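Engineer: What follows is a structure written as structure tokens; I'll ask about it next.
Since every read-out is calculated from the coordinates, none of them should be taken as a lab result. This structure is a prediction, so every number in the text was calculated from the model and none was measured. Neighbour counts are summed over all protein chains in view; Cβ atoms, including those assigned to glycine, are modelled from backbone coordinates with ideal geometry.
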Amino acid sequence: MYIILLGAPGAGKGTQAIMLAEKKKLVQVASGDLFRKALQQETELGKKAKVYMEKGHLVPDEITIQMVLERLAEPDCKNGAILDGFPRNLEQAKALDKALGQKSSAIDKVVYIKVSEGELLKRLGGRWICRKCQAPYHEVDSPPKVAGKCDRCGGELYQRADDNVETVKKRLEVYFAETSPLIDYYKRAKKLLEINGEGNTSEVNQRILNALR
Ligand code: ADP
Ligand code: ZN
């Protein structure tokens, strides 16, 4: 089973991907996490991706597509995956369809998490993320029980370098120009589930589970 989580930066894809992966016993594959890991380990891939990520631009398709498809070919993805942050444009969506088609598989559902622009800006401003398990928190809306520490795994929380005002603006611009056309693409394929992404994380999770049922 392959499920895509679609939505703007700050829509809550990361949180929902983790919750959904646990419920459905599938792995979460987050392109942004894969890039950040490569960056941290200073691999060739990480060095290439860095310049784009810092500016809030998309990393070029040939790099991104190869990275994600390689990840999906690993043994823990043999039953499928929850995709978070990929695909992010039409080119990537088509490459994914083609790669799954070659395995006689396909995307099952695309969960589009819809959140207003004002709410997105607010959320990205106060975001903190766990270094170990990538769970996101928010200073005001969903603070951790102990400041600076992850509720799930005790890991240290940090703020992403690209969560500053300018880069956030650029990321939203890129989302509306390049990623939002995927809403129509998957609607036409009759795979789109539109979910109201406002409210607390368990409310949103319940909506997603109901829609997938
Ligand atoms: P968010 O969804 O909050 O913007 P991500 O962690 O998904 O954050 O992505 C962070 C950055 O990583 C993006 O701004 C982009 O530079 C790069 N990136 C992630 N996924 C992709 C992708 N599918 N295609 C191109 N670039 C990507
Ligand atoms: Zn954690």
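Engineer: Between LYS23 and SER105, what is the spin-label point distance in nm, taking each point 7 Å from the Cα along the Cα→C-beta axis?
Structural biologist: Between LYS23 and SER105, the simple spin-label model gives 2.1 nm.
Engineer: Can you give the helix-only mean residue ellipticity at 222 nm for the chain, where every DSSP H stretch with n ≥ 4 adds -39500 (n - 2.57) and the sum goes over all residues, rounded to the nearest 500 deg cm²/dmol?
Structural biologist: So the helix-based figure for the chain works out to -14000 deg cm²/dmol.
Engineer: With the dipole of region 1-137 worked out from charges on the C-beta (+1 for Lys and Arg, -1 for Asp and Glu) around the Cα centre, which of GLN102, GLY126, PHE35 lies farthest toward the positive end?
Structural biologist: GLY126
Engineer: If you don't mind, there's one more thing I want to ask. Can you give the net charge of the other residues whose Cβ lies under 11 Å from the Cβ of VAL29, counting K and R as +1 and D and E as -1?
Structural biologist: Charge balance near VAL29 sits at -4.
Engineer: Further question: Using the crude model of +1 on Lys and Arg Cβ and -1 on Asp and Glu Cβ, and no other charge, please compute the dipole size for region 60-213 relative to its Cα centre, in debye to 20.
Structural biologist: 440
Engineer: Counting Lys +1, Arg +1, Asp -1, Glu -1, what net charge surrounds CYS133 among other residues with beta carbon under 14 Å of its beta carbon?
Structural biologist: +1
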